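Here is the structure we will look at, set down as structure tokens.
Just so it is clear, none of the values below were taken in a lab; they were calculated from the coordinates. These numbers come from a predicted model, not from an experiment. Positions of Cβ are backbone-derived with ideal geometry, glycine not excepted, and every protein chain shown enters the neighbour counts.
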Amino acid sequence: MLNISEISYNYFDLVSPNYLEMIANLSGCTQHRRMVNCTENLCYHKKYRTIDGTCNNLDNPMWGASLIAFRRLLRPVYENGFNTPMGWRNKDALPSARLISTELISTVNVTADETFTHMLMQWGQFLDHDLDFTVTSPSSQRFTDGEDCTSTCENQSPCFPITIPPGDKRIKRHKCMTFTRSSTACGTGATSVFFSIVSTREQMNQITSYLDASNVYGSSHDEEEHLRDLSSGLLKTGISINDKPLLPFNKGTPIECLKSEKESPIPCFLAGDHRANEQLGLLSMHTIWMREHNRIATQLRFLNPKWSGEKIFQETRKIVGAEMQHITYAHYLPKILGKQGMEILGKYEGYKPDTDATIFNGFATAAYRFGHSLINPILSRLNSSFRTIEQGDIPLHKAFFAPYRIVEEGGIDPIIRGLFFSAAKDKRDQDGVLNTELTERLFEMAHAVALDLGALNIQRGRDHGLPGYNEWRVLCNLEALKTFDDLRSVISNENIIRKLERLYGDVNKIDLWVAGILEDSIPGSLLGPTFQCLIATQFKNLRDGDR
């Protein structure tokens, strides 16, 4: 056997170019490492967006594109310095994400927001699915021996299970909750030796960063082609309910849609984002915007009978994207950010080509997940007289991956009415951030142990190497915390502060999502100072860096 440990070999000397190309294709690195030449079709790029976000910025064509790494505003923090999360080897380094969720995040009670309807939450989720989608590991089996992550409580990639603390009120027969790490961006972390470099692990955004209605149209040419009627400029539709078209069915449907309590044969619907079927409110929004595209396209075809299907599609796509941007910046963000946050956002002064709109990791993995605190555990469904429909309202856990309820229980109209005429959960109620529908019954039909959204958010932040809450405060020009008593400047509930102290022991260990979502909301805003800073910064970049 040849010992190469003392020989200066480059990996590329050991593997032929053909095999390197094969490995890159199999690993998914080809798309991530793609290079584009914006000058080849400059006239198109000056008029329309590409489907994958490339060439929006002509000087930096990969900024904001799909399948690139999230940006970093702060250097990641990994246990081994480059790719393993804190708590990987030393499980006592940080408290269990499940323990934090049950102690600080989960609540049975819900306080109705006196100002905002449930549609505020729903727009926020729909918008988020236009901006970021973390690529999870393509395999749920351990790389070492092929054992599935659902059957092990050991930290071996891609498995990073959440420890169940002793005395957990719900989970008594299992020691952990399944969690699979996010995929590594090619050339970083564990895969870095392939590219002859050592760099910290980064995660990929599967979709375009821009507010470009990618959740309607997709973020790849393959997705776009499956959604379009290429001859007419319309989007494909499926069956109709009350003469109103629904989305087409997904022929390659995820199995989750067939695991409802009724075991209905209705498959998932097909939309521009793969998460469309997660819950019925989100699915209804996807349906509304498919119809909006077809409404506008039909009018444009009537006004411009000589236009090709391609031109009708692209012009309609521009209008739909503009509508979504207007709703977001004129109506949604002022309610979320408040006056102070809108001042951080500032007035629009035109396109700035030196602004990178790429979503940053702390936004996608922590700050924008504040919206989970607005979720009402009941989806209201109202008829045309605004009375509850015959089938009744739906507990959220029965609305997950349940497209059959759209087909068999009156379409999307009852759900849309319910979103507009029922209250959001009051985020400012600090006695509980997430209802137990999300912390005790999340996707329970598809998992042996129902998931906990609060614990998942915390674990994902650690998986991504997000620095502690204190570092983000400093980034936002807020005073660094020296003791837990210093939290009184942003958290008025003394009981919460003492729980944080008992759980973490060190103020520098507090997870960003945990403290960020527990901060008192600034008057006129739904956010505390840290999340207000991070969310306003991201939306400023999205606006100013979008040509």
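Data table
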item: Over region 290-418, volume per residue of the alpha carbon convex hull, in Å³; result: 210
item: For region 33-75, convex hull of alpha carbons as volume per residue, Å³; result: 82
item: Radius ratio Rg over Rh of the chain, counting only Cα atoms, Kirkwood formula for Rh; result: 0.96
item: Region 327-426: GluC sites (Glu not before Pro) in DSSP loop, at most 13 other beta carbons within 10 Å; result: Glu349, Glu390
item: Ranked by how many other beta carbons lie within 10 Å on average, peptides 285-292, 475-482, 162-169 from highest; result: 285-292, 162-169, 475-482
item: Spacing of the two label points (7 Å from each Cα toward its C-beta) at Lys318 and Leu58, in nm; result: 1.6
item: His326-Phe421 FRET efficiency (beta carbon distance; Förster radius 22 Å; 0.05 resolution); result: 0.40
item: Extension gain from Gln156 to Asp354, taking 0.36 nm per residue of separation minus the Cα-Cα distance; result: 67.2 nm
item: Two-site label geometry, Glu479 and Leu230: point separation in nm, points 7 Å out along Cα→Cβ; result: 6.3
item: Extension reserve of the Lys46-Glu343 stretch, reckoned as 0.36 nm per residue once the Cα distance is removed; result: 103.9 nm
item: Residues Gln391 and Thr298, FRET efficiency given R0 of 41 Å [Cβ-Cβ distance, rounded to 0.05]; result: 0.80
item: Ellipticity estimate at 222 nm from DSSP helix runs (n ≥ 4, -39,500 (n - 2.57)) divided over the chain, nearest 500; result: -9500 deg cm²/dmol
item: Residue pairs, from the table Lys172/Lys499; Lys335/Lys499; Lys347/Lys482; Lys169/Lys499; Lys91/Lys509, whose Cα atoms sit over 25 Å apart; result: Lys335/Lys499; Lys347/Lys482
item: Sites Lys509 and Ser199, calculated FRET efficiency, Cβ-Cβ separation with R0 22 Å, nearest 0.05; result: 0.30
item: Eligible lysines near Lys251 by straight Cα distance, threshold 22 Å, same-chain separation 8 or greater; result: Lys236, Lys259, Lys262
item: Qualifying chymotrypsin sites (Phe, Trp or Tyr not before Pro) for region 339-397 [loop in DSSP, other Cβ within 10 Å: at most 16]; result: Tyr348, Tyr351, Phe386
item: Label-reachable residues, region 92-108, where backbone N falls under 13 Å from a point 7 Å from His174's Cα toward its Cβ; result: 98
item: With 5 Å bins from 0: P(r) over region 72-173, alpha-carbon pairs, percent; result: 2, 9, 12, 14, 17, 18, 14, 9, 4, 1, 0
item: Candidate lysines - alpha carbon under 21 Å from Lys352, same-chain residues fewer than 8 apart omitted; result: Lys46, Lys47, Lys318, Lys540
item: Inter-label distance, nm, simple model (7 Å from Cα along the C-beta direction), Asn242/Glu310; result: 4.0
